[in-house]
C-alpha cells in the first residue's frame with residue numbers, strides 16, 4: 001500500500017518552466033513504454049499515433065478568474081473564482097484579513113460590486129450584479145488570468161494567449177489543461193490527415209489541481225470536485241476506436257479523469273456531473289489506453305494518477321531521467337507519452 005511520501009521527489013527549482021517556448025510543438029516529449037524511455041520532440045507525436053486512434057482533448061477555457069478588490073470597510077481582498085454556478089453567481093476563494101459576512105459588498109477591480117453569500121466549505125458564494133453584463137462578461141472584461149502558484153510572474157498578454165489551448169471553447173476553468181498546450185493547428189491538421197480521430201470532453205479544472213495531498217494515509221485524502229460533460233459523439237468515437245483495436249489517447253489527466261469518471265459502469269456513457277475520482281496505484285482503467293501529460297508536482301494527486309497508469313517504478317525511473325536530462329517541468333514544461341502498464 002502506497003503512502004504520500006512514496007510520491008515525493010526532489011526537483012531543482014531551475015527545472016520549473018516559468019515561460020512557454022515560442023513554438024508550442026517544440027517542447028520535448030519523453031515516451032515511456034513499460035520501462036523503455038525514448039527522448040523525442042513533441043512534434044513526433046504524429047508518428048506515434050495511428051489511423052483509427054482517437055485523441056480525446058479537454059476543450060475547457062480558462063477564465064480571467066483572479067480579482068483584487070476592497071470590502072466596504074476598506075480592507076483589501078483577493079478573489080479567485082473557482083466555479084461559475086449560473087450567470088449571476090460564483091463560488092470563489094476569498095483572501096482577506098477577515099472573512100466577508102453574508103450580505104456584505106465587495107468592490108472588484110474598481111469596476112463592479114459583488115455581494116457575499118453563505119460559505120460553501122472553503123469557498124464563498126458571491127452574487128454578481130443582477131442587471132447588465134453577466135458573470136462571464138464581467139470576468140473577461142475585468143479579471144486577470146490566474147497562473148499557477150509556482151510561476152513567478154503575473155500574467156501578461158503572451159500568457160493570455162499561451163495559457164489557453166488552441167481548441168479551448170467552453171469557459172469555466174481556473175487552470176489550463178496543460179498537456180493540450182503543446183498542440184498547434186498545423187500539428188492537429190497533420191494528425192487529422194493521418195486518420196487520427198479527435199474528440200472532445202469538457203472538464204473545468206479547479207484550483208484544487210495545484211493542492212498537495214496533506215495526509216500520509218491516502219485513504220484520508222478529500223479529493224477536490226470538478227465538473228465535466230461528455231457528448232454522445234465522443235462516446236461513439238471512443239467506441240469505434242476500441243472496436244477496431246485502436247488506442248484511446250487522453251490528452252491530459254483532466255481528459256482521462258472525465259473519461260474514467262464516465263466509465264465507472266464499465267462502459268463509457270455520455271452525460272455531465274461532478275467528479276471526485278481519485279486515481280491511485282491499483283485502479284483498474286476502463287477506457288484510456290495511452291496518456292499525453294506534462295510532468296507533475298511532488299506529492300500531488302496527479303503523480304499518483306500517472307503512477308497508477310504507467311507503473312510506480314516506471315514513473316520514478318522516467319522522472320529521474322527527465323530531471324537528469326533537464327526536461328522542463330509543470331504547466332509550461334515538456335510532455336510525456338505514457339502507455340498503460342496493463343496493456
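Worth pointing out:
- Mean separation of Cα contacts under 8 Å, 6 or more apart, over the residue count of the stretch 25-77: relative contact order %: 21 percent
- Peptides 194-204, 239-249 ranked from most to least packed give 194-204, 239-249, packing being the mean of other C-beta atoms within 10 angstrom over each peptide's residues.
- Ordering of 92-102, 177-187, 41-51 by packing [mean C-beta count within 10 Å, highest first]: 177-187, 41-51, 92-102
- Note on residue 325/residue 1: beta-carbon distance plugged into 1/(1 + (r/R0)^6) with R0 of 22 Å gives a FRET efficiency of 0.10.
- Peptides 263-272, 109-118, 61-70 ranked from most to least packed give 61-70, 109-118, 263-272, packing being the mean of other C-beta atoms within 10 angstrom over each peptide's residues.
- Each stretch of four or more DSSP H residues adds -39500 (n - 2.57); spread over every residue of the chain, this sum gives -6000 deg cm²/dmol at 222 nm.
- Within the stretch 82-112: backbone nitrogen closer than 19 Å to the residue 131 label point (7 Å, Cα to C-beta): 87-89, 105-108, 111-112
- Label point 7 Å beyond Cα of residue 13 along Cβ direction - residues of the stretch 148-164 with amide nitrogen under 20 Å: 148-155
- Compared with the rule-of-thumb size 2.2 N^0.38 Å for a compact globular protein, the chain has a Cα radius of gyration ratio of 1.00.
- In percent, rounded to a whole number, the relative contact order of the chain is 25, using alpha-carbon pairs under 8 Å and six or more apart.
- 0 to 90° range, to nearest 10: angle between helix 232-243 axis and the chain longest Cα axis: 20 degrees
- For the pair residue 122 and residue 190, a Förster radius of 45 Å applied to the C-beta separation gives a FRET efficiency near 0.55, rounded to the nearest 0.05.
Read-outs: derived from the displayed coordinates by stated rules, not from any lab. Just so it is clear, the model here is predicted, and its values are computed rather than measured. As a convention, Cβ positions derive from the backbone with ideal geometry for all residues, glycine included, and neighbour counts pool all protein chains shown.
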